[in-house]
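Engineer: Got a structure here, written out as structure tokens. Questions coming.
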Amino acid sequence: MRFKKLAIAVLVGIGLLAAFGTVFADNLTGDLEIFSWWAGDEGPALQALIDMYNAQHPGVNLINATVTGGSGVNAKAVLKTRMLGGNPPDSFQVHAGQELIGTWVKADRMEDLTWLFKQEGWMDVFPSGLIKLLSTDKGIWSVPVNIHRSNVMWYIPANLEKWGVEAPKTWDEFLTIAPKLQAQGVVPLALATNWTANHLWESVALAVLGPEKWQQLWDGTLSFTSPEAVKVWEMFGKILQYTNDDAASLSWQQATDMVVNGKAAFNIMGDWASGYMATTLGLTPGVDYAWSASPGTDGVFMMLSDSFGLPKGAPNRDNAIAWLQLLGSKAGSDAFNPLKGSISARKDSDLSLYNVYSQSAAADWQKDIIAGSLTHGVVANEGFMNDFATVMEMFLTSRDPQQAANACEAIARQNGIGE
Ligand code: GAL
């Protein structure tokens, strides 16, 4: 009898633990510092999560530490200093893939979150391919909050009509219509600061190489000096002729503005541009602005995923775990993503909450071939990405395809790409 009571007590205990997780959220107190580059215009989606967290955990003082700069160009440098200096935030934004694995996991700075994935039932709700990007054979290292698409071309349908052009399906078509646009005083392709050149480059590379050879660059089976890879730089150089001269001084939002204001015809940008146009500028997708796959990449979804991890030595670990639980939840994900322009990383999201752009992205995510982004951390580690930015700067000045290809091959070997 006593044994039976004990067994029941143990079972109830286990049940409670399963129901509430290892963290009894309502009792949380102290600080929670989350670190990201979602500042200013990029902030509304993050703010929705912060509001939810504050409502769930009123005892916690959430510190929203952001460092402005698209694609984390500045934030990542600050994060590095903090991590190396033994001063990690409680949780930080990091891209799924090599940015996470080849950098912070390799340096043994992250906590394994496999237990959290199992506890929250996430092994079944996140696609297995995505979990793979977050994992090594030793663990699962961050919680995904979204899926963004990198290879998207944005334009204003009414403007294209006025200028007598259609959205190009290939880069060759773009090169044909670009002079017609220029003749009307329109910049064919809006470009911004240097990382957006990397962003454009990856879409051009995907078009020139196709998804299989793109992947081969990263598993080391296709050399950066192969004729196909040199062709990427050749095509990229031709396209650059039709971009704005002041690109280096513009933010990605300002390049989007050029399209919205009718100064430029097209922009290649990730679908956070849809978040910006719909959430910040109040435009209606499908009416005020439109999109298609970046030329030559129809049927391929170049993906990236923002995630948050738990660094070893996080000062407020329990509060950070509660943050991660919110990020991975259906409610959290469906509050964040409709504002952000991304789709939920979960398989069970409520698509009725999303606008027509995001619904189309969700459909493509199901049926397209999936490729990984370079600029946003999927296919290469931080070392390569930093060196690639230098190669890009060199190319923007020299416009020498062979030289850029040789330099890429050298930095690929230096950074262990394909090993
Ligand atoms: C990406 C990030 C997106 C968006 C974009 C522009 O790297 O994944 O969520 O913030 O940069 O800053």
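Readers should treat all values here as calculations from the given coordinates under stated rules, not as data from a laboratory. Model, not experiment: these values are computed from the prediction. For neighbour counting, all protein chains shown are included, and Cβ atoms are generated from backbone atoms with ideal geometry for every residue, glycine included.
Engineer: Residue farthest toward the positive end of the dipole of the chain, with Cβ of Lys/Arg at +1 and Asp/Glu at -1: which of Met123, His199, Gly418?
Structural biologist: Value: Met123.
Engineer: Order of 215-224, 53-62 by packing, highest average Cβ count within 10 Å first?
Structural biologist: Ranked by mean Cβ neighbours within 10 Å, highest first: 215-224, 53-62.
Engineer: Pairs to check: Lys138/Lys169; Lys231/Lys340; Lys80/Lys169; Lys80/Lys263; Lys118/Lys367; Lys330/Lys367. Give those whose C-alpha atoms are more than 31 Å from each other in this structure.
Structural biologist: Over 31 Å Cα-Cα: Lys138/Lys169; Lys231/Lys340; Lys80/Lys169; Lys80/Lys263.
Engineer: Right, something else. Given Cα pairs under 8 Å that are at least 6 residues apart, what percent is the relative contact order of segment 125-230?
Structural biologist: The value is 13 percent.
Engineer: Can you tell me how segment 99-177 classifies by the Cα gyration tensor, rounded, prolate or oblate, using a/c under 1.5 as the rounded cut?
Structural biologist: prolate
Engineer: Compute the Cα gyration tensor for the chain, then decide on rounded, prolate or oblate, letting a ≥ b ≥ c be the square roots of its eigenvalues: rounded whenever a/c is under 1.5, prolate when a/b is larger than b/c in the other cases, and oblate in all that remain.
Structural biologist: prolate
Engineer: Next question. Please state the shape class of segment 206-322: rounded when a/c is under 1.5, otherwise prolate if a/b exceeds b/c and oblate if not, all from the C-alpha gyration tensor.
Structural biologist: Since a/c reaches 1.5 but b/c is at least a/b, the shape of segment 206-322 is classed as oblate.
Engineer: Nearest 5 is fine: what % of DSSP beta bridges in the chain come out antiparallel, could you say?
Structural biologist: If I count the DSSP bridges inside the chain, around 50 percent turn out antiparallel.
Engineer: Could you point to the residue in Phe388, Phe301, Asn337 farthest towards the positive end of segment 297-419's charge dipole, with +1 and -1 charges on the Cβ of Lys/Arg and Asp/Glu respectively?
Structural biologist: Toward the positive end, the furthest listed residue is Asn337.
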